[in-house]
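Have a look at the structure below before the remarks.
Taken together, the values in this text are just the output of simple stated rules run on the coordinates, not laboratory data. Because the structure is predicted, anything quoted here is derived from the model rather than measured. Because the Cβ atoms are built from the backbone with ideal geometry, glycine has one as well, and the counts that use them run over all protein chains shown.
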Amino acid sequence: MKERLLTAAGTVMMAVPWTILPIRAYIPKALESPAAEIMISCYAAFMIFSGIFSVLAYTKGIARNLLMKICLVVNGAYAAFGILCFVLMTVS
């Protein structure tokens, strides 16, 4: 049961970062400077959290199935991109 819950959470975490596209496309306030920076920071932090969550769930041996392997790869890539976003925001 615990494996299914962790796999479901990892799967949902894979889809959440894509919600920024309709938000930024249909809400004009999301493109203005302070709101855009806060929103991108929140999404980057969530992506880093989801990557850490997937790595811990997989490496601890709690959830070791095919879907969790896919979640691990995708959320790991998201985490790397989130770290890159934070680095780029601090540099510029």
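Net charge within 14 Å of residue 66 by Cβ-Cβ distance, Lys/Arg positive one each and Asp/Glu negative one each, not counting residue 66 itself?
+2
Based on alpha-carbon positions alone, could you give the equivalent ellipsoid semi-axes of the stretch 15-92 from the gyration tensor, as √(5λ), descending, whole Å?
That gives 28, 14, 8 Å for the three semi-axes.
Tell me, what is the FRET efficiency for residue 62 and residue 83 to the nearest 0.05, using R0 = 25 angstrom and their Cβ-Cβ distance as r?
E(calc), rounded to 0.05, equals 0.55.
Can you give the calculated 222 nm mean residue ellipticity of the chain, where each DSSP H run of n ≥ 4 adds -39,500 (n - 2.57) and the sum is split over every residue, rounded to the nearest 500 deg cm²/dmol?
Mean residue ellipticity at 222 nm (helix-derived): -27500 deg cm²/dmol.
In degrees from 0 to 90, rounded to the nearest 10, what is the angle of the helix 66-91 Cα long axis to the longest principal axis of the chain?
It works out to around 30 degrees.
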